[in-house]
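The values are calculated or read from the model by the stated rules, or taken from the named source; none is laboratory data. The shown structure was predicted, so the numbers you read here are calculated from the model rather than taken from an experiment. Glycine also receives a Cβ, built like all others from the backbone with ideal geometry; neighbour counts cover every protein chain displayed. Side chains are part of the model used for accessible areas, which takes the heavy atoms of the whole protein and leaves out ligands, DNA and RNA. Shrake-Rupley method; radii C 1.70, N 1.55, O 1.52, S 1.80 Å.
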Amino acid sequence: MAEEGTAPEKSDGMTREEFPRRETETSPASSVVSEARADFTPSAAALETEETAEPEIPAVQVLSDLVLQRYEGGTCGELFHGEGVAYFRGGHVYKGSFVDGCMHGHGEYTWADGLKYEGDFESNAPMGHGTYTWFDCSTYEGEVCNGICHGTGTYKSPKTSTIYRGQWHKGKRHGKGTMYYNQEATSWYKGDWENNQREGWGMRCYPSGDTYEGQWKNSIRHGEGTMKWIQLGQQYSGQWLNGFQHGHGTHTWFLRRVFGSQYPLRNEYTGEFAQGARHGQGTFVYASGSVYSGCWKNNKKHGQGKFVYKNGRIYEEEFINDRMAEFPASSIISRALGGLPSRPEESVGCASLLGPDLALNIDTLLNRIPEVQRREELKQVEFAIMRHIALLRSIYSLYSSLGHENSPDNTFLLSHLQFCRFLKDCSVHQHGLTLAQLDRLINKDISPGNVNTPFSTMLLRKWISCIVIAAYHIYHRDLESSSNVLAECFSKLMKQNIIPNSKNVKGLLYCQPLRAVIGKNYTDRCWDIYQTVPKVSSTTISDIMSARHFIWLFKLLGLFDHTLTTRRLLEILSHENPAIYSSTHSNLDLEITFLEFFEALLGCAEVKNTHGARTAQPRQCDLGYHDETTSRDQMKNSSILNQLASPQEYESTVLSSSTIISSASSSVNSLEEFKPKATPQSSLSEEIQLKDQGIDLFEMAVTNTSEMELHKQTTSSVLVEYTQVTKPPSIRKWVAEEGRLEDQLKSWINRIHQFFTHTFFPAYEHNLVLKKEMQEERQRQITDNRVTLEKAKANAKLRELQREEEERSKDKEEEDVKRSPVLIDLNNSSAALTTPVASSNSVDLKQSPANKKKKKRK
């Protein structure tokens with residue numbers, strides 16, 4: 001078997017065009033459109049992903065045409081039976097068990113060329129479980145069928161330092177298996193095999209730490225897959241063709257940034273690729289916030305495209321060879337102006353004092369001010385922001401990182417959910433406007449027509465614009481007489497709300513880092529419920545839930561009990577919003593945002609009696625971020641985070657819960673993907689060997705929870721006893737406090753899991769099923785009623801037709817009766833004209849009896 005080396009192989013190697021260098025902004029002498037230009041260039045680290053051909057398995061000689069020369073051992077009659085040694089022509093030797101003259105049972109067969117098999121035999125053929133050993137010391141141990149590797153087995157080659165563990169089919173790697181390409185087990189493949197080739201879905205880890213997970217064909221990346229270059233800090237996820245990025249995909253450049261960097265985004269291209277290059281339609285999002293959408297050709301902007309600058313200005317024309325066709329040599333001017341305008345005649349104007357990265361979007365507020373005062377008003381607002389810009393950056397970094405343990409490039413974007421938490425912490429909802437009303441006003445002024453979801457993100461400049469708009473709506477009535485109303489409102493909001501309260505994170509979701517990580521597993525489903533409840537519970541269509549809707553939802557789902565009563569639910573809702581409920585008044589028509597809805601659910605989970613015992617009350621936690629200069633690094637050093645933020649402790653905590661909690665553990669561990677890890681080679685090899693033997697460490701921990709807990713209790717008791725003897729009281733107190741906090745977190749995780757997965761979600765799903773059945777029953781009744789009505793109408797129409805037919809028949813009979821005497825008279829008149837004599841006689845003969853009687857009377 002050949003060892004993986006550094007020699008490139010076309011089938012699984014990367015070309016020069018595939019490897020993008022780090023994204024950086026170009027100098028002013030280059031095109032403004034090419035800022036953070038991404039070209040695919042080679043690198044030494046990238047070349048480590050190149051591979052040699054898959055190692056071949058030495059051939060196995062099948063036992064056939066054996067000619068016995070000599071036998072030593074037991075017999076039964078004239079047949080070999082029992083233990084013995086057989087010498088065959090050509091120098092082959094068998095030593096082992098015989099049955100009825102055949103090699104049968106356990107034995108050892110050695111070929112003349114040095115190949116040896118030891119294991120089970122059946123009717124003169126290796127069959128069952130055995131071990132092959134070749135002259136170069138390579139071995140196969142596993143299942144054998146008719147002398148061929150077939151089933152599950154392990155092949156090892158000391159010469160090439162390769163190991164394969166997995167399934168075999170007729171002597172070839174086929175099925176599920178894992179191949180290790182070096183002794184340190186840092187280069188491996190785990191996945192599907194077919195005919196000795198990587199085929200299907202699998203994951204490849206290269207010696208450099210780079211990984212590829214996706215589809216393979218003939219040992220080449222082909223289909224859907226994700227490649228991660230750890231040392232380069234890059235990732236591609238999308239379609240592959242014969243080892244190249246080809247089709248639709250996303251390439252991301254992760255840049256390690258310092259805390260509070262002015263570039264909160266990462267460079268990312270999403271679109272079409274051709275042979276490893278950006279080619280076709282695609283969108284490039286730059287770290288500065290600029291966005292290009294349009295045509296690409298060989299990694300360059302070429303053709304019709306749209307470029308949105310970081311200050312919001314737009315250029316939408318043709319690009320040629322990565323440059324604007326209309327402004328081929330205006331890069332220096334454009335940077336001085338903060339980006340080219342959408343039209344040349346619009347270039348006259350003043351640049352923002354905050355720079356193009358922080359250009360405010362408050363045009364709707366400025367339009368309310370006389371035109372002659374707008375420029376001065378904007379200038380004063382920018383001065384006010386500049387006085388607090390360092391604090392604002394620090395606050396943005398803090399709130400955008402809530403719920404994130406780490407980031408590959410130290411990049412966090414503030415979500416709308418985190419923005420609502422920031423507003424609540426600053427108590428802006430206690431100035432006559434609810435959080436929902438304020439959010440609606442902000443959205444109307446800054447992005448009319450757009451609907452924000454809790455998971456949509458915003459840049460620093462948009463967040464500052466939202467603060468300016470919020471300050472105006474809260475305080476403009478108090479400062480209408482001021483000459484600079486926007487600046488005064490912003491300064492007042494900073495002084496009274498943001499500076500004293502902004503870094504005191506409250507609420508049940510973000511008060512502790514791991515709580516947010518766990519809670520994020522339930523936000524998507526809760527958002528779906530939040531969107532549907534107002535529409536089905538109100539006669540008027542509404543997108544915002546009210547407190548009344550929330551109570552109605554719990555009543556509809558039957559979630560109230562002796563611990564979670566209506567009064568207790570109102571107390572949870574009014575915990576941070578006293579306007580909803582107090583001892584003297586209540587207003588259930590006040591709207592609640594999704595943050596308030598979800599945190600109320602968390603509060604209900606802590607109160608809900610899911611295990612027969614009442615739990616803790618809703619509370620707020622202070623992370624201790626009162627100092628404006630406090631950085632995120634200092635935050636991680638806090639005592640709470642030190643005992644909660646360890647991935648190992650977190651994993652051990654989550655292992656005691658069930659599936660949904662384990663997914664949170666994997667999400668936290670995935671955040672460390674791009675961090676270099678110094679793991680001992682021996683422990684890594686042992687872990688991989690356990691996994692290849694079908695033993696998953698995580699499943700072991702889950703299945704052996706009781707043993708873990710017993711071992712943990714024993715270890716804890718020994719540790720406590722040891723610390724009581726050898727440690728001072730302060731250390732013992734710290735250990736006890738750490739254990740108490742860990743128990744509280746585990747208890748909280750279990751309560752949340754029980755409430756959402758066993759109470760709230762099932763009740764809502766059951767309600768949906770009942771609603772669907774009711775709708776189906778109502779539809780069935782409507783259908784039955786419609787069918788019955790149609791039958792009744794048909795019967796009525798039939799009866800009407802019958803009645804009309806009867807009337808027509810009756811009228812016809814009456815008409816016939818009326819017409820009969822006339823016909824008789826006509827007949828008589830006709831007869832009289834032709835034969836008068838006969839007619840008179842006939843008349844006499846045909847006289848009626850009544851006429852005869854009259855004659856008699858005469």
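For segment 157-176, the condition of being touching a helix residue (DSSP H, G or I) at 6+ places or on another chain (Cβ under 7 Å) and outside the structural domain of residue 109 (by the TED database) holds for at least one residue.
Within segment 255-265, is there a residue that is part of a strand (DSSP E or B) and touching a residue at least 12 places away in the same chain (Cβ under 8 Å)? No; the residues of segment 255-265 include none that is part of a strand (DSSP E or B) and touching a residue at least 12 places away in the same chain (Cβ under 8 Å). Within this structure, residue 561 passes the test of being loosely packed, with under 14 Cβ neighbours inside 10 Å, outside any helix (DSSP H, G or I) and modelled with pLDDT of 85 or more. Within segment 126-151, the set of residues being touching a His at 6+ places or on another chain (Cβ under 8 Å) and either open to solvent by less than 50 Å² (accessible area, probe 1.4 Å) or at pLDDT below 90 (or both) comprises 142, 144.
Give me the residue from segment 254-301 that is small (Gly, Ala, Ser) and under 24 Å from residue 231 (Cβ atoms) and, out of that set, modelled with the lowest pLDDT. Step by step, filter segment 254-301, then rank; the result is 261. Of the residues screened, residue 508 is one that is buried (at least 19 other Cβ atoms within 10 Å of the Cβ) and closer than 24 Å to residue 440 by Cα.
Just a yes or no: is a residue in segment 107-127 outside any strand (DSSP E or B) and charged (D, E, K, R)? Yes; the residues of segment 107-127 include at least one that is outside any strand (DSSP E or B) and charged (D, E, K, R). Residues that are more than 13 Å from residue 150 (Cα to Cα), open to solvent by less than 50 Å² (accessible area, probe 1.4 Å) and assigned to a loop (DSSP other than H, G, I, E, B) within segment 164-195 comprise 181, 182, 185, 186, 187, listed in sequence order. Checked against the criterion of being closer than 30 Å to residue 561 by Cα and assigned to a helix (DSSP H, G or I), segment 774-782 has at least one qualifying residue. The condition of being among the aliphatic types (A, V, I, L, M) and within 29 Å of residue 71 (Cα to Cα) holds for only one of 127, 179, that being 127.
Report every pair of residues separated by at least 6 positions or lying on different chains whose Cβ atoms are under 6 Å apart, first residue within segment 473-490 and in contact (Cβ under 8 Å) with a residue 12 or more places away in the chain and open to solvent by 40 Å² or more (accessible area, probe 1.4 Å), second of a type in the set (Ser, Thr, Tyr) and assigned to a loop (DSSP other than H, G, I, E, B). Listed by first residue and then by second, the contacts come to 488/482.
Could you say whether any residue in segment 198-216 is more than 25 Å from residue 278 (Cβ to Cβ) and part of a loop (DSSP other than H, G, I, E, B)? Yes, some residue in segment 198-216 is more than 25 Å from residue 278 (Cβ to Cβ) and part of a loop (DSSP other than H, G, I, E, B). For segment 739-758, the criterion of being more than 30 Å from residue 524 (Cα to Cα) and in a helix (DSSP H, G or I) is met by at least one residue.
The listed residues are 391, 354, 365, and the only one of them that is modelled with pLDDT under 90, surrounded by 16 or more Cβ atoms within 10 Å (Cβ to Cβ), under 24 Å from residue 503 (Cβ atoms) and touching a helix residue (DSSP H, G or I) at 6+ places or on another chain (Cβ under 9 Å) turns out to be 354.
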